[in-house]
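A.B. asks: A single structure is presented below for examination.
The values are calculated or read from the model by the stated rules, or taken from the named source; none is laboratory data. Because the structure is a prediction, the values reported are computed rather than measured. Note that each Cβ is placed from the backbone with ideal geometry, even for glycine, and that neighbours are counted across all protein chains shown.
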Amino acid sequence: MTSVRPNLHPDHPLPRVVLTDVDDTLTWEGRLPSATLVAMERLAAAGVALVPVTGACAGWCDQIARTWPVAAVIGENGAFTIEREGRHLRYRDWQDEGTRRRHQAWLQKVADTLLRTYVGLGLALDNAYRRCDLALDHAQEVPPVPADTVRQAVIDARALGVQATASSIHINLWLGDFSKRAASLAWLRRHHGWTPGEQPGYVAFVGDSQNDAQMFETFPRSVGVANIRAHLPSLPVAPAHITQAPGGLGFAEWVNEVLMPC
């Protein structure tokens, strides 16, 4: 049963850090709405560090780190963090290159098994740009696969010995102990000296799907964009605030109407 956490009213209305999912949280229908980019720019101008925490591939994360108003990007569900150092980027990988290569061979075997078992799933087109995980497409370039099928494929993947989670478009497979939560906490300790339980309003998290469950549990100041409603029955802890609008439009709504009313 999902527990509902009351919304927080911190001493300072603005969090110091906003962690956010990307697909269908900052984007909507495959694009970044202009209103979302403006909201991100408003946060940056107010001194709020924005850190996307996503299952997206390294190639896209590199582009985000270079061109969006962000402090860092955590990609492939925590496999690496890209940090800005002036005009340059620095990658912090959770695993070394040799480990990543060994893992890829096993991940491909698991993916082949799932693709034979579940008709409709496909290999994500961005796998060529991934460093640590492997993604199966269930709703991006392929016709949407039923939610029950996606859930069972995740269960089967875990039974085959890999980590697995589903976003709104992909099933991500990986080996190792990295996660969105672990990488986010490592970045927060490194740059802000922040740990869970301290100043709960300091960090906010925004997400949209079941693979954000750990983040909703960890960060009390949490927000779900409207499309999170379909996933509420399967979340151990519901976000404290849910927007009226979906995806990036909901993110902009939260920034403009809750954090910084115009």
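A.B. asks: Can you tell me which residue is farthest from the chain's Cα centre (by Cα) among those in segment 158-187 that are within 19 Å of Ala105 (Cα to Cα) and in a helix (DSSP H, G or I)?
C.D. replies: Residue satisfying both the conditions and the ranking: Ala159.
A.B. asks: Which of the residues spanning segment 75-108 are more than 24 Å from Asp21 (Cα to Cα) and either touching a residue at least 24 places away in the same chain (Cβ under 8 Å) or in contact with a His (Cβ under 8 Å, 6 or more places away or on another chain) (or both)?
C.D. replies: Thr99, His103, Gln104, Trp106, Gln108
A.B. asks: Taking Leu249 as the residue in question, decide whether it is touching a residue at least 40 places away in the same chain (Cβ under 8 Å) and not in a loop (DSSP other than H, G, I, E, B).
C.D. replies: So Leu249 passes the test.
A.B. asks: From (1) assigned by TED's automatic domain parsing to the domain that holds Leu26; (2) without any contact (Cβ under 8 Å) to a residue 24 or more places away in the chain, pick out the condition that doesn't hold for Ala164.
C.D. replies: Here Ala164 meets the rest and fails (1).
A.B. asks: Also, quick follow-up: With respect to Gln63, determine if the residue is out of contact with any Leu (no Cβ under 6 Å at 6 or more places or on another chain), crowded, with 16+ Cβ neighbours inside 10 Å, of a type outside the set (A, V, I, L, M) and assigned to a helix (DSSP H, G or I).
C.D. replies: no
A.B. asks: Only one of these conditions is not met by Val154: (1) closer than 23 Å to Glu97 by Cα; (2) in contact with a strand residue (DSSP E or B) (Cβ under 6 Å, 6 or more places away or on another chain); (3) aliphatic (A, V, I, L, M). Which number is it?
C.D. replies: Of everything listed in (1) closer than 23 Å to Glu97 by Cα; (2) in contact with a strand residue (DSSP E or B) (Cβ under 6 Å, 6 or more places away or on another chain); (3) aliphatic (A, V, I, L, M), Val154 misses just condition (1).
A.B. asks: Just name the residue that is farthest from Asp177 (Cα to Cα) out of those in segment 113-142 that are of a type in the set (Val, Ile, Thr) and assigned to a helix (DSSP H, G or I).
C.D. replies: Thr117
A.B. asks: Test Arg66 against the stated conditions and say whether it is within 21 Å of Arg189 (Cβ to Cβ) and either assigned by TED's automatic domain parsing to the domain that holds Pro15 or touching a strand residue (DSSP E or B) at 6+ places or on another chain (Cβ under 8 Å) (or both).
C.D. replies: no
A.B. asks: Looking at Val150, Val145, Val110, which is the one that is in a loop (DSSP other than H, G, I, E, B), buried (at least 20 other Cβ atoms within 10 Å of the Cβ) and not assigned by TED's automatic domain parsing to the domain that holds Val22?
C.D. replies: Val145
A.B. asks: Applying the selection to segment 153-186, what residues are among the charged types (D, E, K, R) and buried (at least 20 other Cβ atoms within 10 Å of the Cβ)?
C.D. replies: Passing the criteria: Lys180, Arg181.
A.B. asks: Check segment 81-89 and report whether any residue there is under 26 Å from Gln163 (Cβ atoms), exposed (fewer than 15 other Cβ atoms within 10 Å of the Cβ), in contact with a strand residue (DSSP E or B) (Cβ under 8 Å, 6 or more places away or on another chain) and of a type in the set (Lys, Arg).
C.D. replies: No: segment 81-89 contains no residue that is under 26 Å from Gln163 (Cβ atoms), exposed (fewer than 15 other Cβ atoms within 10 Å of the Cβ), in contact with a strand residue (DSSP E or B) (Cβ under 8 Å, 6 or more places away or on another chain) and of a type in the set (Lys, Arg).
A.B. asks: Answer with yes or no whether Arg229 is of a type outside the set (S, T, N, Q), surrounded by fewer than 23 Cβ atoms within 10 Å (Cβ to Cβ), closer than 22 Å to Leu43 by Cβ and without any contact (Cβ under 8 Å) to a residue 24 or more places away in the chain.
C.D. replies: So Arg229 does not fit the description; no.
A.B. asks: Something else now. As an exercise: evaluate Gly161 against (1) modelled with pLDDT under 95; (2) touching a helix residue (DSSP H, G or I) at 6+ places or on another chain (Cβ under 8 Å); (3) at positive phi and give the number of the one condition it does not meet.
C.D. replies: Condition (1) is where Gly161 drops out.
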